[in-house]
Amino acid sequence: MKDVTYVFLFDGVCVLCSRGCGFLSKHDRRAYFRIVPMQLAEARDWFRALVQSIQRGCEQYCSDSGRTKG
């Protein structure tokens with residue numbers, strides 16, 4: 001039973017990206033990856049959440065270390 005699933009966002013318009021994801025999907029026998037084209041609304045929501053998480057982490061780091069944002 002798998003413990004972790006990784007989300008793999010890719011450019012669904014790019015032929016090279018699509019072929020690479022096909023290769024990944026074919027060889028991902030344990031289903032570690034969820035492959036999602038970034039053009040889907042679902043992917044945009046994940047990306048937005050990721051950016052917000054990074055921003056919160058940076059803000060926390062700056063406040064903990066006494067550094068100014070910038």
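Tabulated results
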quantity	calculated
Subset of segment 6-16 [over 14 Å from PHE33 (Cβ atoms) and of a type outside the set (A, V, I, L, M)]	ASP11, GLY12, CYS14
Matching residues, segment 21-48, being part of a strand (DSSP E or B) and either open to solvent by less than 90 Å² (accessible area, probe 1.4 Å) or farther than 16 Å from ASP11 by Cα (or both)	PHE33, ILE35, VAL36, PRO37
Contacts under 7 angstrom Cβ, first residue in segment 20-41 being on the phi > 0 side of the Ramachandran plot, partner open to solvent by 90 Å² or more (accessible area, probe 1.4 Å), 6 or more apart	ALA31/LYS2
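The values are calculated or read from the model by the stated rules, or taken from the named source; none is laboratory data. Note that the structure is predicted; figures quoted are calculated from it, not measured. Cβ sites come from the backbone with ideal geometry, for glycine too, and all protein chains shown count toward neighbours. Note: accessible area is taken over every heavy atom of the protein model, side chains too, but ligands, DNA and RNA are not part of it. Shrake-Rupley method; radii C 1.70, N 1.55, O 1.52, S 1.80 Å.
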